[in-house]
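Trainee: Take this structure, written in structure tokens, and hold onto it; I'll ask about it next.
The values are calculated or read from the model by the stated rules, or taken from the named source; none is laboratory data. The structure displayed is predicted, hence computed values, not measured ones. Because the Cβ atoms are built from the backbone with ideal geometry, glycine has one as well, and the counts that use them run over all protein chains shown. Protein only, heavy atoms only, side chains kept; ligands, DNA and RNA dropped before computing areas. Shrake-Rupley method; radii C 1.70, N 1.55, O 1.52, S 1.80 Å.
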Amino acid sequence: MAADHIVVLDQGTTSTRAIAFDRSLTPVAEARRPLTQHYPADGQVEHDAAEIWAGAQGVLAEAIGTVGGAGRVAGLAITNQRETSIAFDRSSGAPMARAIVWQDRRTADLCAALKGAGVEPMVQARTGLLLDPYFSATKFAWLMAHGAGGPDLALSTVDAFLVHRLTGGTRFATDATNASRTLLFDINRQTWDAELCGLFAVPMTALPEVRDSADDFGTTNLFGAPIPILGVAGDQQAALIGQGCIAPGDAKATYGTGCFLVAHTGDAPVVSANRLLATVAWRLGGVPASALEGSIFNAGSVAQWLRDELGLISASAETEVLAASAPENDGVYAVPAFTGLGAPHWRPDARGALFGMTRATGRASIVRAALDAVAWQTADLLETLAADGAPVPAALKVDGGMSNNAWFRQRLADLAGVTVVTPAHAEMTALGAAALAALRLGWISSLADHAANWREAARHAPVMGPEDRASRRAGWRRAVAATLACGGAAILGLGRRGGPRRSRGPASSRPAPRAAAGEASAKPPRPASGG
């Protein structure tokens, strides 16, 4: 039988999935395993890398079996939560500690100290990134400071860890998109930077080889017959490809655990003057494409919070009806900064808050305000893109779990003042990774071939008037300003692990009770996207 499928390993923040695509890049099979979230202290989020690996093996075996076995699979591709950092033993593959998740803020003090030393302009010029706990370098430094080390130390994002395990340790490689999220990779020279590695005390010998996004990442022999690994990309770059955003000015927003708005900016990196991130969109034939990105740390996790911590809903789908039933302009605003605020503020010390509540405020208003907050933050990112001189997108393509909510899509169009378009198929992240493998296999001749086959399912144009939008936006800005002014200190903050609590200072400086072993949030959403 012909090897006529590509299987994509989609390793996200709350789940690990494998999706099989046929030669037309239509998804035909899926397997999924949930991934436990560990919250050892306030502002800290961890994964067990051994659980990631076990889940990856399980979902790949299931999906490969569904399409008829390894002989039917022409290649694998990997897309992954980015920035999440793993220290493991290169000889055995065994993790040396729990993985530190992209949402984790434990290195805020180190980032503040480096900013105080005046090195951020140099770091941004080389990496396109800002000094923030979000990125991998300070996570690597923390892991080493807390016991990870030795001659066989390997430091990597999730993709390279999985490549190493899948190939039986014969290949330790990442791609340029994932490397560009570490604070250690010079996006201009397309290589690890010795000075940056020295700044963060990260040994270059512990880092993986950097390859193109469609390339030879070795072969796995774990599923009955050899299968080559032919494509790797961080989840947000994979979604950009999946959405067919291959021309400058094209933009997409993926609403998973967080929201990540990425706009294609052309071949040369654009260093943001307004605290967006310059990043590698993909690299093919040694030539990188560039993008600007804005990150919202809490999007789908807001619905999780409404469900798991506040008990206002029993399933994420309920938010659509509840939000639609809320009073239209009751002045309630939520700022869900559970793990700080991302672009353009970059305030790891910020904590969430609710504003404008009255005795009449009920659960519908809180649910609507929580969804509005994600839309407002998207509007902030679009405004910042324009301030950086990026082309205004003709439409914003959206995907991820929250994009299944038709009320949210229309609300996003209204509050952001942009036409919102959804694709005909939901699996944009996995599809982008599959397109990279298909390119390597010769099933398509270019990413333009893939983009030409993209189809839309729904389109939402703004119906809210500009004056009404401006008035509501002013309320949102006041709520954010009040949150930032408090700086996480002496406010009634809203934490991801529970309801209201009295904050006593930045997350990095105050103790918190240690979570019970194996503690995890219930009912992770599907699908999930990460960093």
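Trainee: Scan the range 306-330 residue by residue and report those that are β-branched (Val, Ile, Thr) and part of a helix (DSSP H, G or I).
Mentor: THR319, VAL321, listed by residue number.
Trainee: Restricting to the range 104-128, give me the number of residues that are under 22 Å from SER272 (Cα atoms), in a loop (DSSP other than H, G, I, E, B) and not aliphatic (A, V, I, L, M).
Mentor: 2
Trainee: Over 24 Å from ALA315 (Cα atoms), in contact with a Lys or Arg (Cβ under 8 Å, 6 or more places away or on another chain) and either in contact (Cβ under 8 Å) with a residue 60 or more places away in the chain or surrounded by 19 or more Cβ atoms within 10 Å (Cβ to Cβ) (or both): which single residue out of TRP443, TRP454 fits that description?
Mentor: Of the residues listed, the single one that is over 24 Å from ALA315 (Cα atoms), in contact with a Lys or Arg (Cβ under 8 Å, 6 or more places away or on another chain) and either in contact (Cβ under 8 Å) with a residue 60 or more places away in the chain or surrounded by 19 or more Cβ atoms within 10 Å (Cβ to Cβ) (or both) is TRP443.
Trainee: Could I ask something else about it? State which residue is nearest to ASP330 (Cα to Cα) when the search covers only the range 340-390 and only residues that are outside any helix (DSSP H, G or I) and among the basic types (Lys, Arg).
Mentor: The qualifying residue nearest to ASP330 (Cα to Cα) is ARG359.
Trainee: Being surrounded by 19 or more Cβ atoms within 10 Å (Cβ to Cβ) and assigned to a loop (DSSP other than H, G, I, E, B) is the filter; apply it to the range 66-89 and report the residue that is farthest from the chain's Cα centre (by Cα).
Mentor: If we take residues in the range 66-89 being surrounded by 19 or more Cβ atoms within 10 Å (Cβ to Cβ) and assigned to a loop (DSSP other than H, G, I, E, B), then VAL67 is farthest from the chain's Cα centre (by Cα).
Trainee: Taking the residues in the range 255-276 that are small (Gly, Ala, Ser) and outside any strand (DSSP E or B) as candidates, determine which candidate is farthest from ARG189 (Cα to Cα).
Mentor: GLY256
Trainee: So in the range 353-377, with the set limited to residues that are touching a Cys at 6+ places or on another chain (Cβ under 8 Å) and not small (Gly, Ala, Ser), which one is surrounded by the most Cβ atoms within 10 Å (Cβ to Cβ)?
Mentor: Going through the qualifying residues, I end up with GLN377.
Trainee: Cβ-Cβ under 6 Å, sequence separation 6+ or interchain: first residue in the range 80-98 and small (Gly, Ala, Ser), partner open to solvent by 50 Å² or more (accessible area, probe 1.4 Å). Which pairs?
Mentor: Here the result reads ALA87/MET96; SER91/ASP152; GLY93/ARG165, each pair linking the range 80-98 to a residue that is open to solvent by 50 Å² or more (accessible area, probe 1.4 Å).
Trainee: In the range 336-352, which residues are in contact with a Cys (Cβ under 9 Å, 6 or more places away or on another chain) and open to solvent by 10 Å² or more (accessible area, probe 1.4 Å)?
Mentor: The one that is in contact with a Cys (Cβ under 9 Å, 6 or more places away or on another chain) and open to solvent by 10 Å² or more (accessible area, probe 1.4 Å): PRO348.
Trainee: On to the next question. Just give me the residues in the range 374-405 being farther than 24 Å from ALA430 by Cα, in contact (Cβ under 8 Å) with a residue 60 or more places away in the chain and of a type in the set (A, V, I, L, M), in sequence order.
Mentor: Those that are farther than 24 Å from ALA430 by Cα, in contact (Cβ under 8 Å) with a residue 60 or more places away in the chain and of a type in the set (A, V, I, L, M): ALA379, LEU381, LEU382, LEU385, ALA387, ALA390, VAL392, ALA394.
Trainee: For the range 429-455, give me each residue that is in contact with a helix residue (DSSP H, G or I) (Cβ under 6 Å, 6 or more places away or on another chain) and of a type in the set (Gly, Ala, Ser).
Mentor: GLY432, ALA433, ALA435
Trainee: Something else about it: Looking at ALA41, ALA63, ALA56, ALA50, which is the one that is open to solvent by 20 Å² or more (accessible area, probe 1.4 Å) and assigned to a helix (DSSP H, G or I)?
Mentor: When all the criteria are applied, what remains is ALA50.
Trainee: OK, next. Return the residues of the range 134-155 that are in a helix (DSSP H, G or I) and over 24 Å from ALA350 (Cβ atoms); say none if nothing qualifies.
Mentor: Passing the criteria: PHE140, LEU143, MET144, ALA145.
Results for (1) among the aliphatic types (A, V, I, L, M); (2) surrounded by fewer than 24 Cβ atoms within 10 Å (Cβ to Cβ); (3) over 23 Å from THR191 (Cα atoms), shown as yes or no for each residue.
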site	(1), (2), (3)
GLY249	no, yes, yes
ALA253	yes, no, yes
LEU292	yes, no, no
SER295	no, no, yes
ALA303	yes, no, yes
SER314	no, yes, yes
ASP330	no, yes, yes
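Trainee: Here is a follow-up. Kindly provide the set of residues from the range 1-16 that are over 18 Å from ALA160 (Cβ atoms) and either of a type in the set (S, T, N, Q) or touching a Pro at 6+ places or on another chain (Cβ under 7 Å) (or both), ordered by number.
Mentor: Result: THR14, SER15.
Trainee: Of the conditions (1) open to solvent by less than 10 Å² (accessible area, probe 1.4 Å); (2) assigned to a loop (DSSP other than H, G, I, E, B), THR279 satisfies every one except a single condition; which number is it?
Mentor: It fails just one condition, (2).
Trainee: Here are ALA160, ALA194, ALA179, ALA214: which of them is out of contact with any Asp or Glu (no Cβ under 7 Å at 6 or more places or on another chain), free of Cβ contacts under 8 Å to residues at least 60 places away in the same chain and either buried (at least 24 other Cβ atoms within 10 Å of the Cβ) or basic (Lys, Arg) (or both)?
Mentor: Selected residue: ALA160, the only one of ALA160, ALA194, ALA179, ALA214 that is out of contact with any Asp or Glu (no Cβ under 7 Å at 6 or more places or on another chain), free of Cβ contacts under 8 Å to residues at least 60 places away in the same chain and either buried (at least 24 other Cβ atoms within 10 Å of the Cβ) or basic (Lys, Arg) (or both).
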